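These notes are about the structure you will find just below.
Since every read-out is calculated from the coordinates, none of them should be taken as a lab result. Treat the numbers as computed from the prediction; the structure is a model and nothing was measured. Positions of Cβ are backbone-derived with ideal geometry, glycine not excepted, and every protein chain shown enters the neighbour counts.
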Amino acid sequence: MMIAPSVFTRRDPNAIEFLSRLRPPSLAHPFGTDENGRDLWARVVYGARPTLAAAVSLIVVAAALGSVVGLLIGAAGRAADEWLMRVTELFLAFPQIVWALAFATVVGRGLVSCVVALAITWWAQYARLMRGQVLVYREKEFILTARALGQRQWRILLFHLLPNCLSPVLVKATIDVSLAILLLAALSFLGVGAQPPLPEWGAMVTIGRKYLLDYPWYATFPGLAIFVTVLSFNVLGERVRDVLDPKSRIGERP
Amino acid sequence: MRLVLQRLPLLIVLLAAISAAVFTLTQYLPGDPAFVAAGGGDATPEMVAHARARLGLDKPLWARYLYYMRNAVQGDFGNSIVNRKPVIEDVRKYWPASLELALAAIAISALVGIPLGLVSAAWTGRWPDRLITPASVFLGSMPIFWLGLMAVFVFYRQLDLLPAGGRLTVGLVPPPAVTGLLLVDSIIAGQGKVFGDALRHLILPATILSVISLAMITRVTRAALLDILHEDYLRTARAKGLSERRVLLKHALRNASVPILTIVGLQLGQLIGGVVVTETIFSWPGLGLYAVTAVDNQDYPALLAFTLVTTAAYVTINVFVDLLYPLLSPQTRR
């Protein structure tokens, strides 16, 4: 749906038909129409792209940045480790929605500002996760062997440590995409995320709110889309964990 | 006490960092406040320069920041751009409403979540667990703003059982403010009618907000109990002939209390973000709604104050949770 929205609907998500405003769901419009007569099914379908692209890119950036920092922290000496852990603690302590709200208001509203604001705080979680992994594997035999064989430090980091440390990062990233979708949608709902006329699910719920009491389907369907997507990522995350790491269980945030 | 001293620097550094970040951003906004203060279009360059000096805008960024922070520490966050009143007055006016909402929500999610976790740990893998665990993932996947709107539609529009928003019905006089929490104040004033009305207004927003932490509290309770269910002392308790119920409630729950209380405390901090969203849905006159209004009006002094106050609250809660550890569990005492 995200890659090829036009397969799922032949309607233009931005086509305005004033004659069919706020129609209830019907055969022609399975999800009804909005205040400008635009087809809600088409808008929900096209909304998958900005919503998912923003969430995925946020987590990819945070995970990549955090993993690199975590790898370096784990490999660096004691003093640097101590110091960098304090820094990550600082970023972890940011209240995310409040920070993103302030950041996006000042820098300029839009999905991009929200993604940047959240990425600024999110990488620290991955840095800590990665560091923990590196500390576990650093003293393992295969690393010591590689070191004894005279391999260079960066080769050991890149080809021996990194692949072994990645699986918890992947699990966390999958589950975090669902969190990111919820957070970004909430920010859009508060008015600092996606701006109209972009068909983004959170923003659609916001507009639908105005018509809630008389035209309830408007807010229902985009919200349902968020719910189903988030649920799928949560289930997917649990599957990924079962495959990569059968021993672990549901727990707290690292 | 040592822990307090260890944690205090983090709080200060964090507040300094977040305020510096937001403050610096606000200083590079388009538009020249000195030009506006000097009267706009007709202002001569001399007038603008004069206004700039008067507002302290000719000073370097760090000096302006220090000046702002010196006032902020004393409770002066400047005046709102919109209503010209000191921001601190509005913060004082709105924060009790947010506190009442957050406390009610955390109470609901703890009172529901801990028993649910207990039940699913006691019947691991059997039907109560198979029902509760997926249900908590299910619930945790819902965007609360959407859930809130659906609740308004069902309980207000369709069933007409509960009000759609606000803290009190319009026309009802609030009790004299003692704590600022309407439920408490109405009891103190002995006004049963106001209490009932406030409670009816609180139910929906608090329940919706509690959804955020409910799933997490259930999961952690379950995991914490599963961790210890096979420990020797519990086997001994069972061997002594205690009923399974007594073993769980008396022995297991107490030993699992550290992670459970920790997560309840941490979730209280997590709720701050949710409070903003919930207050927006239910027009709940608290700090969150104030902040969203400030966002809409580009009211930077108000927004900056909100950011500082909530960050301080958030970090304080987390530090407080850290301090609880040694009290609850003698093993972590140093």
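With springs only between Cα atoms under 10 Å, which of B:S19, B:S141, B:S109 fluctuates most in a Gaussian network model of chain B?
B:S141
What chymotrypsin sites (Phe, Trp or Tyr not before Pro) does the stretch B:214-317 have in DSSP loop regions with at most 14 other beta carbons within 10 Å?
none
Among B:E279, B:E46, rank each residue by its count of other Cβ atoms within 10 Å, from fewest to most, as a rough exposure measure.
B:E46, B:E279
Given q = 0.09, 0.11, 0.16, 0.23 Å⁻¹, what are the Debye log10 I(q)/I(0) values for the stretch B:224-334, with equal point scatterers placed on the Cα positions and solvent ignored?
-0.43, -0.56, -0.80, -1.17
So if each residue of separation counts as 0.36 nm, and I subtract the Cα-Cα distance between B:T236 and B:R92, what length gain in nm does that give?
46.5 nm
I need two numbers for the stretch B:131-182: Rg to one decimal and Dmax as a whole number, Cα atoms only, in Å.
Over the stretch B:131-182's Cα set, Rg and Dmax evaluate to 16.2, 46 Å.
Estimate the FRET efficiency between B:D296 and B:L183 by the formula 1/(1 + (r/R0)^6), using the beta-carbon distance for r and 30 Å for R0, to the nearest 0.05.
The computed FRET efficiency comes out at 0.50.
Can you show me the helix-derived [θ] at 222 nm for chain B, built from DSSP H runs with n ≥ 4 at -39,500 (n - 2.57) apiece and divided by the number of residues, rounded to the nearest 500.
Calculated from helices alone, the mean residue ellipticity at 222 nm is -23500 deg cm²/dmol.
Set the Förster radius R0 to 22 Å, insert the Cβ-Cβ distance between B:N71 and B:V173 as r into 1/(1 + (r/R0)^6), and round the FRET efficiency to 0.05.
According to the calculation, E is roughly 0.05.
Could you work out which residue, out of B:L161, B:L268, B:L183, moves most in a Gaussian network model of chain B, that is, has the largest mean-square fluctuation with Cα springs under 10 Å?
B:L161
Quick one: which residues, 5 or more positions from B:N79 or on another chain, have an amide H under 5 Å from its amide H? H modelled 1.01 Å from N in the peptide plane, none for Pro or chain starts.
Long-range HN contacts for B:N79: B:V87.
Listing B:R254, B:R167, B:R84 from the residue with the fewest other Cβ atoms within 10 Å to the one with the most, what is the order?
Fewest-to-most ranking of B:R254, B:R167, B:R84: B:R84, B:R254, B:R167.
Taking neighbour Cβ counts within 10 Å as the exposure measure, how do A:T105, B:T236 sort from fewest upward?
Exposure proxy ranking, most exposed first: B:T236, A:T105.
Using a simple spin-label model with points 7 Å from Cα along the Cα→Cβ vector, what separation in nm is obtained for A:L135 and B:L161?
About 4.9 nm, to one decimal.
Across the residues of A:202-210, average count of Cβ atoms on other protein chains within 10 Å?
Shielding by partners across A:202-210 averages 2.
Within chain B, how many Lys pairs sit with Cα atoms under 29 Å apart, leaving out pairs fewer than 8 places apart on the same chain?
4
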